[in-house]
Amino acid sequence: MYRFEATSVAGFVQQLAVSYLGHGYWFYVMGEIPEGKDVRLVDEKLLARYRIDLSKWARARRKRVGFANLHYLRYDRVFLLLATHGSHPFFLEEASAVRDARKTPIRFHGYSISYRGGHPHVRIEQEEYKRLKAYFLDVSLRWSVERLGCELGRLPFEPYAPVRRQLLAVLRAVNRQRKRGGHEPVPDSCFRFLRRICRPFEKV
């Protein structure tokens with residue numbers, strides 16, 4: 001049975017980055033199913049229209065003869081149609097909406113997900129990152145080291161390598177400000193540096 005409904009934000013991001021972008025599904029259309037529409041009917045319509053529910057052997061045969069393969073991924077009401085290089089009606093029917101993840105990152109729940117330098121690239125979206133940094137700098141001298149560490153550690157981002165670098169940059173900025181104010185620095189042990197491996201389609 002073809003599985004496409006992610007049960008968590010982390011699972012959606014992992015499936016997208018590791019399983020799809022990492023295997024050449026770079027072309028995408030992103031959409032949101034309006035309130036009031038039956039998500040199951042939309043799922044069925046898109047799966048049937050683009051013949052997405054194929055076995056891995058059928059996908060391999062299509063790839064050999066130059067046809068594109070597609071995947072469908074949804075979390076709540078947000079969905080993605082993802083395609084590889086090749087010929088497929090998807091590119092004609094969705095022409096005005098198709099984007100390339102190597103050029104235009106996919107923005108989802110504060111993440112920016114793209115394909116760069118030969119591998120998937122998951123980071124905190126730039127405006128979200130700026131907002132987080134400004135927020136923690138604002139409270140850096142008013143909160144205790146314990147509270148700062150707790151709140152930084154609770155940020156809802158899985159520590160992919162680019163995310164780790166961004167979080168450590170926020171921490172360094174906070175500690176520079178705390179040092180100038182004569183306050184104890186926040187240790188980087190507040191962060192979790194190992195990413196949790198999800199089962200994207202299983203209930204959490």
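The values are calculated or read from the model by the stated rules, or taken from the named source; none is laboratory data. Keep in mind that this is a model prediction, so the values were computed, not measured. Backbone-built Cβ (ideal geometry, glycine too); neighbour counts: all protein chains shown. Protein only, heavy atoms only, side chains kept; ligands, DNA and RNA dropped before computing areas. Shrake-Rupley method; radii C 1.70, N 1.55, O 1.52, S 1.80 Å.
Tabulated data
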{"quantity": "DSSP-assigned coil residues among trypsin sites (Lys or Arg not before Pro) in the range 125-172, each with at most 16 further Cβ atoms within 10 Å", "calculated": "ARG142, ARG154"}
{"quantity": "Derived scalar couplings ³J(HN,Hα) [the range 193-204; Karplus, 6.51 cos²θ - 1.76 cosθ + 1.60; whole Hz; x for Gly, Pro]", "calculated": "9, 9, 6, 6, 8, 9, 9, x, 9, 9, 5, 9"}
{"quantity": "Cα centroid of the range 11-61 to Cα centroid of the range 135-204, whole Å", "calculated": "33 Å"}
{"quantity": "Entries in LYS103/LYS179; LYS63/LYS103; LYS45/LYS103; LYS45/LYS133 that, when Cα-Cα distance is taken, lie over 32 Å", "calculated": "LYS103/LYS179; LYS45/LYS133"}
{"quantity": "Expected 222 nm ellipticity per residue - DSSP helices of 4 or more, -39500 (n - 2.57), all of the chain, to 500", "calculated": "-11000 deg cm²/dmol"}
{"quantity": "J(HN,Hα) series, the range 155-161, from Karplus relation 6.51 cos²θ - 1.76 cosθ + 1.60, nearest Hz, glycine and proline x", "calculated": "4, x, 10, 5, x, 4, 3"}
{"quantity": "Segment TYR2-LEU137, extension gain: residue separation times 0.36 nm, minus the distance between their alpha carbons", "calculated": "44.0 nm"}
{"quantity": "Heavy-atom accessible surface of the chain: percent carbon and sulfur, 1.4 Å", "calculated": "53 percent"}
{"quantity": "Exposed GluC sites (Glu not before Pro) absent: longest stretch of the chain, with sites in DSSP loops and at most 12 other Cβ within 10 Å deemed exposed", "calculated": "36-201"}
{"quantity": "With DNA, RNA and ligands ignored, accessible area of HIS119 (1.4 Å probe; Å², nearest 10)", "calculated": "90 Å²"}
